[in-house]
DNA sequence: CAATCAATGTTTAGGGCTAAACTATTCTCA
DNA sequence: TGAGAATAGTTTAGCCCTAAACATTGATTG
């Protein structure tokens, strides 16, 4: 007999994979993937953030952030601005425009993935995951 | 204002990353990562499964499965057994032994990650994710 | 039976991610 | 002030994963 925790974990992974796949597929329209979208989202929400802070915020390594930024910068979506020994990050005009275009569609699609749950259930799920997140 | 769905999605991703990191760290003791563990788990639970079936079950591509199996086979943990045009997969003695050793610890650690939630809450989470999974 | 089609597996190129080694800059304080 | 510690970023090797091209084998049907 499997514990509720193990079952919950297996399902959490599975749901994450499934939804991630749908979102990734949709983001191809803008030639973005989920990691790039999340990076733009974080920078857009906190412009002036450093690479180090971005890495902590995304829960990835700074090496990863560095490479990710190389690509996004090459595409002209954001820019590094040196500040002391750190780099501060900003969206370019193009990055801001693209981001503003993608977000509404993206959020609608996310909502659609959760539409099998009632509003109350979505709230419950959100709260349970929030509690779990804070404990980790 | 963010919808409950978007918040739930962000937290789901985040919780998945955090727990995944803890489990990955622990699996290093056996020189395994999460993907390899999952592969062993699936094969162990359904020996004789084909590569195609395994790929569908893991929600990854068959190309990925092929490479993953190359590594696990090289390590002597499982074996491909040709059957018609398919390969049927089996754990080796070593694979079965390793797997039996890892699983209890792993499940305990998973349970620990969810310990901030009461038994009822874990059940609720499990059910909500199950409902969501079936709808996707 | 032979040609075609479908199913299974393999390979390859490329991006995501990590750990660890490395570089460069800034801070500290004796 | 100058040496060393701490901090921020970059690079590299290697595994994970995908998409797409490829190869092989089995099934279908004219």
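Only the coordinates and a few stated rules stand behind these numbers; no lab work does. Fair warning: this is a prediction, and the values are worked out from it, not measured in the lab. Methodologically, a virtual Cβ is constructed for each residue, glycine included, from the backbone with ideal geometry; neighbour enumeration extends over all protein chains shown.
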Review point. Of these, A:34, A:40, which one is buried (at least 18 other Cβ atoms within 10 Å of the Cβ) and touching a helix residue (DSSP H, G or I) at 6+ places or on another chain (Cβ under 8 Å)?
Key: A:40
Review point. Restricting region B:68-84 to residues that are loosely packed, with under 15 Cβ neighbours inside 10 Å and under 11 Å from residue B:51 (Cα atoms), which is nearest to the chain's Cα centre (by Cα)?
Key: B:81
Exercise for review: Would you check if residue B:123 is under 22 Å from residue A:20 (Cβ atoms) and part of a helix (DSSP H, G or I)?
Suggested key: no
Review point. Considering only residues of region A:73-94 that are out of contact with any helix residue (DSSP H, G or I) (no Cβ under 6 Å at 6 or more places or on another chain) and within 25 Å of residue A:20 (Cβ to Cβ), which is farthest from DNA strand D (Cβ to nearest atom)?
Key: A:75
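Results for (1) farther than 30 Å from residue B:120 by Cα; (2) crowded, with 18+ Cβ neighbours inside 10 Å, shown as yes or no for each residue.
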residue: A:46; (1), (2): yes, no
residue: A:49; (1), (2): yes, yes
residue: A:52; (1), (2): yes, no
residue: A:66; (1), (2): yes, no
residue: A:102; (1), (2): yes, yes
residue: A:108; (1), (2): yes, no
residue: A:113; (1), (2): no, yes
residue: A:122; (1), (2): no, yes
residue: A:131; (1), (2): no, no
